[in-house]
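Engineer: Below are the structure tokens for one structure; questions will follow.
The values are calculated or read from the model by the stated rules, or taken from the named source; none is laboratory data. What you see is a predicted model; the values in this text were computed from it and never measured. Cβ atoms come from the backbone with ideal geometry, glycine included; neighbour counts cover every protein chain shown.
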Amino acid sequence: MSDTYVLARYREVDPAAAGIQRLLGASVKPEDIDVMTGVPYPEEVWGLPESKSNIRKIAAMFWVIGACCGFTLAAGTAWLYPLPTGGKPIVSLPTAAVIVYEMSMLMGIFSVAAATLIESKLPNFKKLPYHPAVSDGHVVLSVRCTDESQATKVDEVLKASNADEVLRHV
Amino acid sequence: MKLHPPLVHGDDKINRDILRPLFETSWRWWALFGLCLTGFGAGFVTWMWMLGAGMWVTGLHRPVMWGVFIANFVFWVGLSHSGTLISAILRLAKADWRRPITRAAEAMTVFTVLMAAQFPLIHLGRTWFFYYIIPYVNQREMWGNFRSPLAWDLMAILTYLSGSLIYLYLPTVPDFAIARDYATTPVRKKLFTMLALGWRGTRKEWHRMNLAILMLAVLVLPVAVSVHTIVSWDFAMALAPQWHTTIFGPYFVLGAIYSGMALVVTLTVLIRWAFKWEDYITPFHLDKLSKIMLVAAILWTYLWCGDYLITWYGRLPEEKVIIDIKNGGPFFWHQLTMMLANTIVAIPMLAFKKVRTSPWALMFLTVFINVGMWLERYLIAVPTLVQKGPSYTWTTYSPTWVELMMSIYPFAGFVMLYVLFVKMAPFISIWEIREDRVAEAYKTMGQAKLRAIVAE
Amino acid sequence: MADLMTATHEAAHGAGHGAVQGATAAPYAGAGSPYRWGMSVDLDRCTGCGACVVACHAENNLPLAGPIDTDEGRSVDWMRVERYWEGHYPEVTAHFVPVMCQHCTNAPCEPVCPVFATYHTPEGLNGMVYNRCIGTQYCQNNDPYNVRFFNWFEAALNFVEPLANQLNPDVTVRSRGVMEKCTFCVHRIREAAADAKAEERLVEDGEITTACAQSCSANVITFGNLLDPHSKVSKSVASARRFRLLEGLGTEPVVYYLKGGQA
């Protein structure tokens, strides 16, 4: 069973947002509706449930992991093979702090990038519903339909919502 | 049904204007690229030859072990600072005028760091064993010495380079998607499809992207500050006169922002002229950038004077001899040029709006500032070493042609990478400009029509 | 970590202070060894003849440098005799200061090396590991005495036949691109220590001496164990004429200079 996607292209934001409300009114589930835009709009524009993300928590976690790695690297390696230099202690906290700082930042940055890509399911080179007019700033709605009758219904709703173009993606 | 229906798009002016350099290449581009490649190649051959011959081909000798190479290192790390740092600050401050400038500035950061990172290798006596400094598991159970500022340097520069690269790449992904949709030749189509990672601009993608950019800005900002602080500690941790000072951290960071802003302005003026992007980069933007530069100039001068006055007044014998050779000895002209470029000429000039908004005046001024900043780095590294320790070992230093070639090398390399980047990515952030225009609204108040804020 | 620090401090304090009376034998991390090599240089006796410099060159396979390289500051002289003039012609006095690596207890050159090419040995020597060195030259920058030397040239170019025959087989010939410096003739120390260990005893005073001390006809240089209160060097260092170079920096050198007496 393969899903059908109905795409609707709008030049403006307002009819697109109104189109979403019509779809919701026609009892289409919010998770089946996606909006593709060329620029980020505030979430409230679409009247859909807000997106949730764990990027902050993941970054904070890896920041701490990075700090521990930094300490292990700076203090642990010095302790494993103690070589006195310049009358300084083998495990010297002020110098370890520098490494702790840099490692925590490094892990924080890497985790933000990785979490962003993983949460957005990128990279993804599969043929997902898309319309290149997004690149011109158009707003494209994509509605997932499980069967043909639903697709026909969605088609009608979208055509009635002043979409500039309605098409299918299989 | 077809995946991509017949396009109705392709007529968007912003896309056309900004993507043009990606798809059209003029003979001027090839000429510039060829010139840079020659300079870079000549520098690289010189480096390889020096590796074979030995360090005696430079002007270095005991006790001047750090000369032009280290000055170049500090200079190029410094230049990198205004890209990521300024971009992060302005993003966090939601300063909308940053939009046309940040991409070019962030790219500048990445390429200047790439050039800077080569100098610690270039100046090594045994470059082929550079990996001893990297902590890796080996049969001798030996690790690097993390008590050494050079090991901090390695960590800081790696962090900064990775952070800047991610901070440059991630916000470019939506623009790569635009380039992918506009690409006509199969090679470009394939290249931009890969770079865009399958970006579609869905609600969730944008939500995460915005969050990630914010988080990265927060994380990259302190890293940028730490990098140049640690570079300054390469000097400040040493027991050498005029190096061993607590002011070096903030002083280096401000110097870095100053020289970096100067390079951002130089590049902005050149890009605007080369691609005829007067609609996107206006004198308004130059004015804003120059104001930041002016603040950096004033603060840098303040810290320089603070450092100078205190050491001059203290008259510690070790430090006095170094101050003397800068005030009246072999480094007199260096110091005078530096002060002219960075303070005496720059600050009064930048105080005038007429200068701040005229591209060509700014371009010459910023190049002059960077000449001054290079001399500043040279003045930090060299005079201390020529008269350090027992007076029996005092000496002088004059660079050879090898050091000259190795100073041309990063310039040529940087410009080469930069012009290559012009062909790889939209140089002005298209989606951010468009976001600004979408959010743009005007409100009339009395007789005035004012720009209102409707964005988040 | 704190244990590591204090334990070694006590070890050094306990033995070190009794030996060098009044001398500030600094706490030294890594001790526990019965030896703490040190040197005294009696400047009142030095004639500036330069025999120590020659002996050092011959003993330690120092690269040779011609007049041009020496003039350009690329010669390698682990031991040098600094000459300072006082007064105006014809009323001039020459002062001579033989300067070699001071083997500082708190050596500023050691912690700045990112690869541990230089570190402090348990016997208080400032060790230099040539094959670990990558040539950052940072140690020389942070060396207040300017007694570290960089190998500018290929060693093979230095010791062309038949000069190679004069190389000391006990000492490494350093390759281009590494730093080097006075080792206190560590190969002699190691040899004597190995002999002593085989005979299950400690190295006796006078059993080892450095090449510079050996060649000095005026008996300027005394080398020995500072932890042994009866060694010649300990007695010499107890002199009121004692001082150390750039003492204010707190580097705690183990080379003591004697100056200011009638002899």
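Engineer: Just for the range B:253-284: of the residues that are surrounded by 24 or more Cβ atoms within 10 Å (Cβ to Cβ) and of a type in the set (A, V, I, L, M, F, W, C), which one is farthest from B:Val223 (Cα to Cα)?
Structural biologist: B:Val265
Engineer: Collect the residues in the range C:182-202 that are farther than 30 Å from C:Arg74 by Cβ, outside any helix (DSSP H, G or I) and touching a residue at least 60 places away in the same chain (Cβ under 8 Å), keeping them in residue-number order. Spell out how you get there, then give the answer.
Structural biologist: Let us first name the residues in the range C:182-202 that are farther than 30 Å from C:Arg74 by Cβ, namely C:191-202.
Next, from what is left, pick out any that are outside any helix (DSSP H, G or I): C:199-202.
Within the range C:182-202, C:Leu202 is the sole residue that qualifies.
Engineer: Among the residues of the range A:127-140, is any surrounded by fewer than 19 Cβ atoms within 10 Å (Cβ to Cβ) and either more than 8 Å from every other protein chain (Cβ to nearest Cβ) or of a type outside the set (S, T, N, Q) (or both)? Outline the logic, then answer.
Structural biologist: Initially, the range A:127-140 is screened for residues surrounded by fewer than 19 Cβ atoms within 10 Å (Cβ to Cβ), giving A:127-128.
Narrowing the set further to residues that are either more than 8 Å from every other protein chain (Cβ to nearest Cβ) or of a type outside the set (S, T, N, Q) (or both) leaves A:127-128.
Scanning the range A:127-140 turns up at least one residue that is surrounded by fewer than 19 Cβ atoms within 10 Å (Cβ to Cβ) and either more than 8 Å from every other protein chain (Cβ to nearest Cβ) or of a type outside the set (S, T, N, Q) (or both).
Engineer: Can you give me the number of residues within the range B:26-81 that are surrounded by 15 or more Cβ atoms within 10 Å (Cβ to Cβ) and touching a residue at least 60 places away in the same chain (Cβ under 8 Å)?
Structural biologist: Count: 39.
Engineer: I'd like the full set of residues that are in contact with a helix residue (DSSP H, G or I) (Cβ under 8 Å, 6 or more places away or on another chain) and charged (D, E, K, R), limited to the range C:189-244.
Structural biologist: Within the range C:189-244, C:Glu204, C:Asp205, C:Glu207, C:Asp228 meet the criteria.
Engineer: When the residues of the range C:208-263 are filtered to those that are of a type in the set (Ser, Thr, Tyr) and over 20 Å from C:Trp78 (Cβ atoms), which remaining residue is surrounded by the most Cβ atoms within 10 Å (Cβ to Cβ)?
Structural biologist: This residue is C:Ser234.
Engineer: Being at pLDDT 90 or above and within 26 Å of B:Pro63 (Cα to Cα) narrows it down to one residue among C:Val173, C:Val233, C:Val203, C:Val220; which is it? Talk me through it step by step, then tell me what you get.
Structural biologist: Numbers: C:Val233 fails: within 26 Å of B:Pro63 (Cα to Cα); C:Val203 fails: within 26 Å of B:Pro63 (Cα to Cα); C:Val220 fails: within 26 Å of B:Pro63 (Cα to Cα).
From the options C:Val173, C:Val233, C:Val203, C:Val220, the qualifying one is C:Val173.
Engineer: Something else about it: Of the residues that sit in the range B:388-436 and are in a helix (DSSP H, G or I) and basic (Lys, Arg), which one is farthest from the other protein chains (Cβ to nearest Cβ)? Quick ask: steps written out before the conclusion?
Structural biologist: Pass one, the range B:388-436, residues in a helix (DSSP H, G or I): B:391-393, B:401-424, B:430-436.
Within this subset, residues satisfying the condition of being basic (Lys, Arg) are B:423, B:434.
On the way: B:Lys423: 19, B:Arg434: 5 Å.
The extreme case among them is B:Lys423.
Engineer: Out of B:Leu219, B:Leu195, B:Leu214, I need the residue that is within 25 Å of the chain's Cα centre (by Cα) and within 7 Å of chain A (Cβ to nearest Cβ). Which one? Give the derivation first.
Structural biologist: Values: B:Leu195 fails: within 7 Å of chain A (Cβ to nearest Cβ); B:Leu214 fails: within 7 Å of chain A (Cβ to nearest Cβ).
From the options B:Leu219, B:Leu195, B:Leu214, the qualifying one is B:Leu219.
Engineer: Across the range C:75-98, which residue is nearest to the chain's Cα centre (by Cα) among those that are outside any loop (DSSP other than H, G, I, E, B) and more than 12 Å from chain B (Cβ to nearest Cβ)? If you could, list the steps in order and put the result at the bottom.
Structural biologist: The initial filter retains those residues of the range C:75-98 that are outside any loop (DSSP other than H, G, I, E, B), namely C:80-86, C:93-98.
From what is left, the residues that are more than 12 Å from chain B (Cβ to nearest Cβ) are C:86, C:93-94.
On the way: C:Glu86: 27, C:Thr93: 27, C:Ala94: 24 Å.
Here the residue is C:Ala94.
Engineer: I'm told C:Gly224 meets every condition in (1) small (Gly, Ala, Ser); (2) more than 14 Å from the chain's Cα centre (by Cα); (3) outside any helix (DSSP H, G or I) except one. Can you identify the failing condition by its number?
Structural biologist: (2)
Engineer: Write out, first by first residue and then by second, each pair whose Cβ atoms fall under 9 Å of each other, whose residues are 6+ apart or on separate chains, and whose first residue, in the range C:140-167, is farther than 30 Å from B:Ala236 by Cβ and at the interface with another protein chain (Cβ under 7 Å from one of its Cβ atoms) while the second is of a type in the set (Phe, Trp, Tyr) and assigned to a helix (DSSP H, G or I).
Structural biologist: Listed pairs, sorted by first residue: C:Phe153/B:Trp56.
Engineer: Which of the residues spanning the range A:61-80 are more than 8 Å from chain C (Cβ to nearest Cβ), over 32 Å from the mean Cα position of the chain (by Cα) and over 12 Å from B:Met155 (Cα atoms)? Before you say what the answer is, go through the steps one by one.
Structural biologist: Of all residues in the range A:61-80, those more than 8 Å from chain C (Cβ to nearest Cβ) come to A:61-74, A:76-78, A:80.
Right, trim to over 32 Å from the mean Cα position of the chain (by Cα) and you get A:72-74, A:76-78, A:80.
Correct list: A:Thr72, A:Gly76, A:Thr77, A:Ala78, A:Leu80.
Engineer: Scan the range B:215-235 and give yes if some residue there is outside any helix (DSSP H, G or I) and either surrounded by fewer than 24 Cβ atoms within 10 Å (Cβ to Cβ) or among the β-branched types (Val, Ile, Thr) (or both), otherwise no. First the steps, then the outcome.
Structural biologist: Quick first cut of the range B:215-235, residues outside any helix (DSSP H, G or I) only: none.
Looking for residues that are outside any helix (DSSP H, G or I) and either surrounded by fewer than 24 Cβ atoms within 10 Å (Cβ to Cβ) or among the β-branched types (Val, Ile, Thr) (or both), one finds none in the range B:215-235, hence no.
Engineer: Between a first residue in the range B:416-432 that is under 16 Å from B:Thr25 (Cβ atoms) and a second residue that is of a type in the set (D, E, K, R) and at pLDDT 90 or above, which pairs have beta carbons less than 7 Å apart while being 6 or more apart in sequence or on different chains?
Structural biologist: Note: pairs meeting the criteria are B:Ala425/B:Asp175; B:Pro426/B:Asp175; B:Phe427/B:Arg103.
Engineer: Looking only at helices (runs of 4 or more DSSP H) that fall completely inside the range B:253-368, which ones have 2 or more residues that are touching a helix residue (DSSP H, G or I) at 6+ places or on another chain (Cβ under 6 Å), hydroxyl-bearing (Ser, Thr, Tyr) and touching a residue at least 60 places away in the same chain (Cβ under 8 Å)? Please lay out each step first, then the result.
Structural biologist: Values: elements: B:283-314, B:317-327, B:332-339, B:346-350, B:353-356.
Fully inside the range B:253-368 and qualifying: B:283-314.
Engineer: Among the helices (runs of 4 or more DSSP H) lying completely within the range B:25-125, list those that include at least 1 residues that are aromatic (Phe, Trp, Tyr).
Structural biologist: On the way: elements: B:27-53, B:68-79, B:81-92, B:102-116, B:119-122.
Of the helices (runs of 4 or more DSSP H) lying wholly inside the range B:25-125, those with at least 1 residues that are aromatic (Phe, Trp, Tyr) span B:27-53, B:68-79, B:102-116, B:119-122.
Engineer: Taking B:Gly39, is it touching a helix residue (DSSP H, G or I) at 6+ places or on another chain (Cβ under 8 Å) and within 30 Å of B:Leu214 (Cα to Cα)? Give the derivation first.
Structural biologist: On the way: touching a helix residue (DSSP H, G or I) at 6+ places or on another chain (Cβ under 8 Å): yes; within 30 Å of B:Leu214 (Cα to Cα): no.
No.
Engineer: Scan the range B:135-159 for residues that are at the interface with chain C (Cβ under 10 Å from one of its Cβ atoms) and of a type in the set (A, V, I, L, M, F, W, C) and jot them down. Lay out the reasoning, then the answer.
Structural biologist: First pass over the range B:135-159, keeping only residues at the interface with chain C (Cβ under 10 Å from one of its Cβ atoms): B:140, B:142-154.
Correct list: B:Met142, B:Trp143, B:Phe146, B:Leu150, B:Ala151, B:Trp152, B:Leu154.
Engineer: On to the next question. Among the numbered criteria (1) in a helix (DSSP H, G or I); (2) within 21 Å of A:Pro15 (Cβ to Cβ); (3) among the small types (Gly, Ala, Ser), which single criterion is violated by A:Ala115?
Structural biologist: Status for A:Ala115: all satisfied but (2).
Engineer: Still on this model: Might you check whether a residue that is in contact with a Cys (Cβ under 9 Å, 6 or more places away or on another chain) and assigned to a helix (DSSP H, G or I) occurs anywhere in the range C:159-181?
Structural biologist: No, every residue in the range C:159-181 fails to be in contact with a Cys (Cβ under 9 Å, 6 or more places away or on another chain) and assigned to a helix (DSSP H, G or I).
Results for (1) closer than 30 Å to C:Val99 by Cα; (2) among the aliphatic types (A, V, I, L, M), shown as yes or no for each residue.
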{"site": "B:Val355", "(1), (2)": "no, yes"}
{"site": "B:Met363", "(1), (2)": "no, yes"}
{"site": "B:Arg377", "(1), (2)": "no, no"}
{"site": "B:Thr393", "(1), (2)": "yes, no"}
{"site": "B:Val402", "(1), (2)": "no, yes"}
